[in-house]
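Student: This is the structure I have questions about; it appears just below.
The values are calculated or read from the model by the stated rules, or taken from the named source; none is laboratory data. Everything quoted here is computed from the prediction, not taken from an experiment. Using ideal geometry, Cβ is built from the backbone for each residue, glycine included, and neighbour counts are taken over all protein chains shown.
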Amino acid sequence: MKKVWKEFKEFVVKGNAVDLAVGVIIGAAFGAIVNSLVKDLIMPPISLLSGGLDFSNKFIVLRAAKDGSAAFHTPADAAKVGAITWNYGNFITLAINFLIVAGAVFLLVRGINRLKSSPHAEPVSKECRACAMTIPIKATRCPHCTTDLTESAPD
């Protein structure tokens, strides 16, 4: 039992497990911010431009309620009385959320990659002096025209 406990402690304190936990927590907080951004800032102007359209409350009744009532304002109201609904508006809202999250993550990764890349990085390719094709910097023979690149360049 001590061996299992020791292995468990090693697993928990490894950098990867801690990094994953931090990522999940920050991801949940970021998700809440994005949901608020979409619901409170982006969707109201779209609703205004579309004449009061609120995507989250758009649905189609697939099967009427058991008590015969048919007038519902939200999918939750319909579900309370037993109606089965197809909530396409919620899907549209979640798709917009996804696009915003994907865009934000893209911009974040792009910024981090720019910070990582050095402006003074050594070149990894060169041009063949005979055929002008791009080849690896360490190549001694051009794979395109087979020119020997170890000789000095012609004068």
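Student: Kindly list the number of the only condition in (1) out of contact with any Cys (no Cβ under 8 Å at 6 or more places or on another chain); (2) modelled with pLDDT under 90 that fails for PRO136.
Tutor: Every listed condition holds for PRO136 apart from (2).
Student: If you scan segment 53-98, which residues turn out to be touching a Ser or Thr at 6+ places or on another chain (Cβ under 9 Å), free of Cβ contacts under 8 Å to residues at least 24 places away in the same chain and closer than 14 Å to LYS39 by Cα?
Tutor: Of everything in segment 53-98, just one residue is touching a Ser or Thr at 6+ places or on another chain (Cβ under 9 Å), free of Cβ contacts under 8 Å to residues at least 24 places away in the same chain and closer than 14 Å to LYS39 by Cα, namely LEU53.
Student: Quick one: count up the residues across segment 38-93 that are among the charged types (D, E, K, R) and more than 30 Å from ALA104 (Cβ to Cβ).
Tutor: Just the residues of segment 38-93 that are among the charged types (D, E, K, R), to begin with: 39-40, 54, 58, 63, 66-67, 77, 80.
This time we only want the ones that are more than 30 Å from ALA104 (Cβ to Cβ), so: 63, 66-67, 77, 80.
Count: 5.
To keep it simple, each residue is scored yes or no on (1) modelled with pLDDT of 80 or more; (2) of a type in the set (Asp, Glu); (3) surrounded by 11 or more Cβ atoms within 10 Å (Cβ to Cβ).
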residue: VAL34; (1), (2), (3): no, no, yes
residue: GLY52; (1), (2), (3): no, no, no
residue: HIS73; (1), (2), (3): no, no, no
residue: ALA83; (1), (2), (3): yes, no, yes
residue: ASN97; (1), (2), (3): no, no, yes
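Student: Another one. In segment 1-53, how many are outside any helix (DSSP H, G or I) and closer than 25 Å to ILE92 by Cα?
Tutor: 4
Yes/no per residue for (1) β-branched (Val, Ile, Thr); (2) surrounded by fewer than 11 Cβ atoms within 10 Å (Cβ to Cβ):
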{"position": "ALA29", "(1), (2)": "no, yes"}
{"position": "PRO45", "(1), (2)": "no, yes"}
{"position": "SER56", "(1), (2)": "no, no"}
{"position": "VAL61", "(1), (2)": "yes, no"}
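Student: Check LEU94, LEU107, LEU99 and return the single one that is over 30 Å from ASN57 (Cα atoms) and in the same structural domain as LEU41 (by TED's automatic domain parsing). Break it down stepwise before answering.
Tutor: Details: LEU94 fails: over 30 Å from ASN57 (Cα atoms); LEU99 fails: over 30 Å from ASN57 (Cα atoms).
Being over 30 Å from ASN57 (Cα atoms) and in the same structural domain as LEU41 (by TED's automatic domain parsing) holds for just one of LEU94, LEU107, LEU99, which is LEU107.
Student: OK, next. Looking at segment 123-146 only, could you name the residues that are among the charged types (D, E, K, R) and either in the same structural domain as ILE42 (by TED's automatic domain parsing) or surrounded by 12 or more Cβ atoms within 10 Å (Cβ to Cβ) (or both)?
Tutor: Across segment 123-146, the qualifying residues are LYS126, ARG129, ARG141.
Student: Among the residues of segment 119-138, write down those that are more than 33 Å from the chain's Cα centre (by Cα), free of Cβ contacts under 8 Å to residues at least 12 places away in the same chain and not in a strand (DSSP E or B).
Tutor: Answer for segment 119-138, where residues must be more than 33 Å from the chain's Cα centre (by Cα), free of Cβ contacts under 8 Å to residues at least 12 places away in the same chain and not in a strand (DSSP E or B): ALA132, LYS138.
Student: Name the single residue that is modelled with the lowest pLDDT among those in segment 1-21 being exposed (fewer than 10 other Cβ atoms within 10 Å of the Cβ) and under 30 Å from ALA102 (Cβ atoms).
Tutor: So in segment 1-21, the residues exposed (fewer than 10 other Cβ atoms within 10 Å of the Cβ) come out as 1-5, 13, 15-16.
Add one more test, that the residue is under 30 Å from ALA102 (Cβ atoms), and what stays is 15-16.
On the way: GLY15: 63, ASN16: 75.
Result: GLY15.
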